[in-house]
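Each remark here refers to the structure printed beneath this line.
The values are calculated or read from the model by the stated rules, or taken from the named source; none is laboratory data. Model, not experiment: these values are computed from the prediction. Every residue, glycine as well, gets a Cβ built from its backbone with ideal geometry; the counts of neighbours run over all protein chains shown. The protein model used for the area step is the full one, side chains on, heavy atoms only, and it has no ligands, DNA or RNA in it. Shrake-Rupley method; radii C 1.70, N 1.55, O 1.52, S 1.80 Å.
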Amino acid sequence: MFASMFGQKKDLKIHCSHHTTCSRRVIMALLESGQDFEYVHVDMAKGEHKSPAFLKIQPFGKVPVLQDGPDFTLFESRAIMKYVLTGTPLCPGDAKEMAAVESAISVEYSYFTPAFMPVYVERMLKKKKGLEADETKVAAAIEALGPVLDVVEALLEGKTYMAGPKFTMADISYMPYFHQFDALGIAELRDDRPNLKAWWATVSTMPNWAYATSGKVATEKVAKAA
């Protein structure tokens, strides 16, 4: 979308697992940037993210990892998101607008995600491993998540998007997690809050988000060197 306007980065390659939350954050950012990229699938079920070859580019053994040509490698999804969106309206040049974006992302990282992840671990990650969720832990996590969502709901008052009237990378930062609310059986926590419900109805219907969550990237943008 913005490649011709701001200049196109070359040789972008993303190593990730398209179904994971942090990978979807980066895939969405790349799609919104309008830049072409290649996809290298990391099969986490087979432990490829812990292989010696992968640990050379991500020493913590996590996805995603971005490579921009042979001399630049970047990991951590929020850093990658900012890198690929710098120079686009999703990463504002105005200091006050950018401060609002950074603040919203900090709230996501520091408060929302730590409250959300215990529910995700119990009802999603354990299920993938064939384990039963500890519903006592789930109940406690949901109780802790509620007040955080109340704050996010209040922060959205009078806004269409997380950082103001425009869609930015702040919204992308939250989207992979809210996408999981239905599968986790906690959709009412989002939909019972009018501002959050309206925000999600807006961002979740974006064409690039539909593509980012469809899995098509794994077949349509596969790196030739993979």
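Points to keep in mind about this one:
- Tabulated pairs, the range 124-135, first modelled with pLDDT under 90, second exposed (fewer than 14 other Cβ atoms within 10 Å of the Cβ) and not in a loop (DSSP other than H, G, I, E, B), C-beta under 9 angstrom, 6+ apart or interchain: 128/45
- Candidates 145, 125 - the one that is within 20 Å of residue 196 (Cα to Cα) and among the aliphatic types (A, V, I, L, M): 145
- Helices (runs of 4 or more DSSP H) completely within the range 140-226 that count 1 or more residues being touching a residue at least 24 places away in the same chain (Cβ under 8 Å) and hydroxyl-bearing (Ser, Thr, Tyr): 169-178, 194-203, 207-212
- Test for residue 119: is it of a type outside the set (S, T, N, Q), open to solvent by less than 70 Å² (accessible area, probe 1.4 Å) and within 17 Å of residue 190 (Cα to Cα): yes
- Failed item in (1) open to solvent by 70 Å² or more (accessible area, probe 1.4 Å); (2) at positive phi, with residue 82 passing the rest: (2)
- Identity of the residue in the range 163-204, among the acidic types (Asp, Glu) and open to solvent by 10 Å² or more (accessible area, probe 1.4 Å), that ends up nearest to residue 92 (Cα to Cα): 191
Table: residues versus (1) outside any helix (DSSP H, G or I); (2) under 19 Å from residue 70 (Cα atoms).
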| site | (1), (2) |
| --- | --- |
| 13 | yes, yes |
| 19 | yes, no |
| 22 | no, no |
| 25 | no, no |
| 36 | yes, yes |
| 49 | no, no |
| 54 | no, yes |
| 57 | yes, yes |
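- Residue 125 being open to solvent by 20 Å² or more (accessible area, probe 1.4 Å) and of a type outside the set (D, E, K, R): yes
Conditions (1) charged (D, E, K, R); (2) without any contact (Cβ under 8 Å) to a residue 24 or more places away in the chain; (3) farther than 23 Å from residue 216 by Cβ, marked per residue:
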position	(1), (2), (3)
44	no, no, no
51	no, yes, yes
56	yes, yes, yes
75	no, yes, yes
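- Number of positions in the range 90-105 that are within 18 Å of the chain's Cα centre (by Cα) and open to solvent by 60 Å² or more (accessible area, probe 1.4 Å): 2
- Residue in the range 67-76 that is surrounded by 14 or more Cβ atoms within 10 Å (Cβ to Cβ), over 18 Å from the mean Cα position of the chain (by Cα), hydroxyl-bearing (Ser, Thr, Tyr) and not in a loop (DSSP other than H, G, I, E, B) present: yes
- Some residue of the range 45-60 being within 21 Å of residue 209 (Cα to Cα), open to solvent by 40 Å² or more (accessible area, probe 1.4 Å) and at pLDDT 95 or above: no
- Unmet criterion (only one of (1) under 14 Å from the mean Cα position of the chain (by Cα); (2) among the hydroxyl-bearing types (Ser, Thr, Tyr); (3) under 19 Å from residue 180 (Cβ atoms)) for residue 111: (1)
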